[in-house]
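The block underneath contains the structure these notes are about, expressed in structure tokens.
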Amino acid sequence: MEYDARITSAFAAPTERLEWVEHALNEMDQCLRKFFIDNKTVYRTDFDPDTGESVYIASLPADIPSLAARKATEVINLVKETFDQCISSAQKCLGHPNFRDRKMGFPWGADATQVEANIRQKGIDQRFRDIIFSHKPHFVGNDRNSADNYIRNIAQLANVKHTVGLAIAGSIEGVITPDIHIRTAQSLNILRPVWSFDKKETELVRYIGDVDIKTQYKIIYTVIFSGAEFIQPVNAVKGLLFFAQLADSLNESLKLKCAEILQTDHS
């Protein structure tokens, strides 16, 4: 949609930030693509002295590049700034005298009551209220770590003054080459793989005896947030993309609302 110069000028800052967010997301994506091209699954057999079993393991021993974590942090901070600038831009567009107030910004809150209080305290135009509430400003329910609250938890990462933590999760999608040769075996257990984030690996088979395993699996790797806020694994790339899209939606929604208000005021 085409906006008049007054709206375009007022929203220049958040629009520019969203362009920076897109560049940072692309750089993070390129970094991770190269990482997974350069690093393949490693298979090895360890011995467990506690059980006397040999353990066939799949691992991805390489560490996620620090550049990816820095870019994730950059995206979160830029998006959080965009949320704040959208509110200031909307206030500026309507000529509110307090749009330069340093306390002006998106009224995040622990619950709906706190968001309402922040809207009033910051002097945000009440005509923006419904738009604000449609953009996930507060936690939902009592469990802050629930899937419904992952965007709110991503937003809170901007309050932590250090690089965002990332980890790798692996899920077994199937067997590529089933190859197990049993000469003699006292036991052979093909396990349900559970990925260890700390060890960056998963156990596949445990056995006692003379067994040769060369089976390889189709493993899907996902980069997730490693913070304690996320009890359930959250895909970091998809989460950041949705967070950015939410900021873009807020920017466009407020511009449309400002256009509607200004047209009504002059009709």
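Return a yes/no flag: does segment 200-211 have any residue that is among the hydrophobic types (A, V, I, L, M, F, W, C) and loosely packed, with under 11 Cβ neighbours inside 10 Å.
As a first pass, look at segment 200-211 and keep what is among the hydrophobic types (A, V, I, L, M, F, W, C): 204-205, 208, 211.
Next cut, loosely packed, with under 11 Cβ neighbours inside 10 Å only: none.
The answer is no, given that none of the residues of segment 200-211 is among the hydrophobic types (A, V, I, L, M, F, W, C) and loosely packed, with under 11 Cβ neighbours inside 10 Å.
Here is the figure for segment 55-85: residues that are in contact with a Lys or Arg (Cβ under 9 Å, 6 or more places away or on another chain) and not hydroxyl-bearing (S, T, Y) total 12.
In segment 29-83, what residues are among the hydroxyl-bearing types (S, T, Y), part of a helix (DSSP H, G or I) and crowded, with 16+ Cβ neighbours inside 10 Å? Even if it seems obvious, please write down each step before you answer.
Step one: filter segment 29-83 for residues among the hydroxyl-bearing types (S, T, Y), giving 41, 43, 45, 51, 54, 56, 59, 66, 73, 82.
After this cut, where a residue has to be part of a helix (DSSP H, G or I) as well, the list is 66, 73, 82.
Hits for segment 29-83 are T73, T82.
Residue count for segment 232-251 satisfying the condition of being surrounded by 18 or more Cβ atoms within 10 Å (Cβ to Cβ) and either out of contact with any helix residue (DSSP H, G or I) (no Cβ under 8 Å at 6 or more places or on another chain) or polar (S, T, N, Q) (or both): 1. Checking each residue in segment 185-214 for being at pLDDT below 95 and among the polar types (S, T, N, Q) picks out only S196. Residues that are under 17 Å from K257 (Cβ atoms), within 23 Å of the chain's Cα centre (by Cα) and either surrounded by 14 or more Cβ atoms within 10 Å (Cβ to Cβ) or of a type outside the set (G, A, S) (or both) within segment 118-147 comprise I131, I132, F133, H135, P137, listed in sequence order.
Can you find a residue in segment 140-148 that is among the β-branched types (V, I, T), without any contact (Cβ under 8 Å) to a residue 60 or more places away in the chain, in contact with a helix residue (DSSP H, G or I) (Cβ under 9 Å, 6 or more places away or on another chain) and farther than 30 Å from R33 by Cβ?
Taking segment 140-148 as the starting set, the residues that turn out to be among the β-branched types (V, I, T) are 140.
Okay, now just the ones that are also without any contact (Cβ under 8 Å) to a residue 60 or more places away in the chain, so 140.
If we keep only those that are in contact with a helix residue (DSSP H, G or I) (Cβ under 9 Å, 6 or more places away or on another chain) as well, we get 140.
Now restrict to residues that are farther than 30 Å from R33 by Cβ: 140.
Looking through segment 140-148, at least one residue is among the β-branched types (V, I, T), without any contact (Cβ under 8 Å) to a residue 60 or more places away in the chain, in contact with a helix residue (DSSP H, G or I) (Cβ under 9 Å, 6 or more places away or on another chain) and farther than 30 Å from R33 by Cβ.
Restricting segment 150-185 to residues that are closer than 20 Å to L240 by Cβ and of a type in the set (D, E, K, R) leaves a set whose member that is surrounded by the fewest Cβ atoms within 10 Å (Cβ to Cβ) is K161. Criterion applied to S226, S249, S187, S253 was being under 30 Å from P107 (Cα atoms) and in contact with a Gly (Cβ under 9 Å, 6 or more places away or on another chain), and the one residue passing it is S226.
The values are calculated or read from the model by the stated rules, or taken from the named source; none is laboratory data. All figures in this text were calculated on a predicted structure; none of them were measured in a lab. Ideal geometry is used to build each Cβ from the backbone, glycine not excepted, and the neighbour counts take in all protein chains shown.
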